[in-house]
Every structure is written in C-alpha cells, then in structure tokens.
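*Asks:* I am attaching a structure below and will ask some questions about it afterwards.
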Amino acid sequence: MAPGSGREPPIEVREADALVSVLPRTPGSTGTPFDIVAAAAAVCAPPGPLAMLGFAAGGLVAPLRGLGVDSRIIGVDRDLRHVRLFRRVASGWAGDLRLVEADAVDWVRRAGRGRLAAVIDDLSVEREGVVVKPEASRRSLPALLPRLLAPRGVVVVNLLPEPGCAWSTLEQAVLGGWRRGLVVEAIGWENRVLVAGARLPSARLAGRRLRRALADLASPLVGGIRLRTVTRP
C-alpha cells in the first residue's frame, strides 16, 4: 500500500528463509502470492466450505474474505502458535472459521468424503535451513485429497522450490491422479500455485478470471502473472 493510503501494513510471519504468512489487518490483499492462492480457490471452486492445510497466522483468510468467499474455512495445523496473533487482528472479520490442531495427513484421513469446495495445501517444513514442501504434499496428500471434494471441487497447492528437484517433478507429484491442472507463476516470486480438479476452466479463461479477482483485491500481482496447463504424462 502506498504511503499516505491510511492502511496499516500487514504483519509478516517468517520461518528460516521463507515468508510463511502475511496477515493483513482488514480483508483484502496480502501483496504476495498468497493472493493468487486465494484467488485461485475463489474463481475455480464451487461455493461451499474449504479446508486450509497449514494455517500459520491465517493470512489466506484476508484475501478469501476480500473476494467475497463467506463459506466456512477449516484451518488445519499441528502448530497453532500464531493463532493468538490471528485472533487479535482478525476476530472482527474472519467469519465462519474452525481451527483444528492436527497433522494434515491424519486430519484428511479422518475427514468426511465429498463435501469440500476446495482444499488448499499451504504446508511447509524447514529442511537444512530451507523451507520446502513436506513429503506428504508429494506422496500422501495427492491421493487422499480428491475424496474430500464435492463435485467440481478443486485442490490448490502453494508450491515451493526444492534444491535438487526440478519444477516439473514437483508439479507432477502434486498433480497426482488428476489428468490436468493449471500452474500460475508470478513475476519476482519463486513459488508457484497449482490448481487441480476434474472440471477446470481453460488456462485462458482461468487467467481472465484470476486477473479480475486480483484486480478486485487491488493486488500488486495482477499485472505479473502467467498461467499454463500441466497434464499427466
């Protein structure tokens, strides 16, 4: 936000070398790829509850609510130490929110089938001083998450680079059994966002919708994204 706008800057939560959460003080843009994650869920998923694996300080709630997503959000994290900060900042606008302290894979295995409009995988772990996706995001969750989704539901994954592992390998791993997905890249940011589902729009249509949503958020990323399709070999 430009100086003199009157809006307080968001609160940043960092772990190791990574920005794990950006918490705006009101619903709206984080100014980071978290805006893309939220916008992808908002424009690609049907109406309905969504789950957020890796809640951290709940920064994704602000752009979701800013885009008019008013359904229940289930935040799942085995470490809820940042929730006090979130509640202090966002209790007045967080809306219907349920927080669960649990391992993501354990929670997914216990959750009911076929009821969620979207599942967002924002999980991360520190490995040798670098923040990367956990093994579960590549090995366990891609097979488990589809059964949680309602018809037309989507999975949205915040992908992080991993030393020694090609992007194409990471993308195919999280794509899992889906036939196709959409990958969103943002100029100047190293992470990517992958959206998978049975009835995704084309990359061109999704791009138009995504840019419109980012414009509605007044996100600085609106002019610097590109989309492409990824398919299973």
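*Asks:* Under 8 Å between Cβ atoms, which residue pairs at least 6 apart in sequence (or on different chains) link something in region 151-178 that is of a type in the set (D, E, K, R) with a partner that is part of a helix (DSSP H, G or I) and at pLDDT 95 or above?
*Replies:* Correct list of pairs: 162/170.
*Asks:* Which pairs have Cβ atoms under 8 Å, sit 6 or more apart or on different chains, and link a residue in region 191-220 that is touching a residue at least 12 places away in the same chain (Cβ under 8 Å) and over 27 Å from residue 146 (Cβ atoms) to one that is open to solvent by 20 Å² or more (accessible area, probe 1.4 Å) and assigned to a strand (DSSP E or B)?
*Replies:* none
*Asks:* Just wondering, is there one or more residues in region 51-59 that are surrounded by fewer than 22 Cβ atoms within 10 Å (Cβ to Cβ) and either in contact with a strand residue (DSSP E or B) (Cβ under 6 Å, 6 or more places away or on another chain) or under 21 Å from residue 125 (Cβ atoms) (or both)?
*Replies:* Within region 51-59, none of the residues are surrounded by fewer than 22 Cβ atoms within 10 Å (Cβ to Cβ) and either in contact with a strand residue (DSSP E or B) (Cβ under 6 Å, 6 or more places away or on another chain) or under 21 Å from residue 125 (Cβ atoms) (or both).
*Asks:* Six or more apart or on different chains, Cβ atoms under 6 Å: show the pairs whose first residue is in region 104-129 and in contact (Cβ under 8 Å) with a residue 12 or more places away in the chain and whose second is of a type in the set (Ser, Thr, Tyr) and surrounded by fewer than 24 Cβ atoms within 10 Å (Cβ to Cβ).
*Replies:* 105/140
*Asks:* Quick one: in region 80-115, of everything that is of a type in the set (Lys, Arg) and in a loop (DSSP other than H, G, I, E, B), which residue is most open to solvent (accessible area, probe 1.4 Å)?
*Replies:* Filtering region 80-115 for residues of a type in the set (Lys, Arg) gives 81, 84, 87-88, 98, 109-110, 113, 115.
Those still in the list that are in a loop (DSSP other than H, G, I, E, B) too: 81, 113, 115.
On the way: 81: 148, 113: 170, 115: 102 Å².
Only one residue fits best here, namely 113.
*Asks:* How many residues are over 23 Å from residue 32 (Cβ atoms) and at pLDDT 95 or above if we restrict to region 180-200? Let's see the steps before the verdict.
*Replies:* Of the residues in region 180-200, the ones over 23 Å from residue 32 (Cβ atoms) are 180, 197-200.
Pick out the ones that are also at pLDDT 95 or above and you get 180, 197, 200.
So the answer is 3.
*Asks:* On to the next question. Could you please find all residues in region 11-49 being among the hydrophobic types (A, V, I, L, M, F, W, C), open to solvent by 10 Å² or more (accessible area, probe 1.4 Å) and either closer than 23 Å to residue 142 by Cα or at pLDDT 95 or above (or both)?
*Replies:* 20, 34, 42, 43, 44, 45
*Asks:* I'd like the residue in region 131-159 that is part of a strand (DSSP E or B) and farther than 22 Å from residue 184 by Cα and, out of all such residues, is least open to solvent (accessible area, probe 1.4 Å). Quick ask: steps written out before the conclusion?
*Replies:* Let us first name the residues in region 131-159 that are part of a strand (DSSP E or B), namely 131-132, 149-159.
If we keep only those that are farther than 22 Å from residue 184 by Cα as well, we get 150-151.
On the way: 150: 26, 151: 104 Å².
The residue in question is 150.
The values are calculated or read from the model by the stated rules, or taken from the named source; none is laboratory data. The structure displayed is predicted, hence computed values, not measured ones. FYI the Cβ positions are ideal-geometry reconstructions off the backbone, even for glycines, and counts take in every protein chain you see. Note: accessible area is taken over every heavy atom of the protein model, side chains too, but ligands, DNA and RNA are not part of it. Shrake-Rupley method; radii C 1.70, N 1.55, O 1.52, S 1.80 Å.
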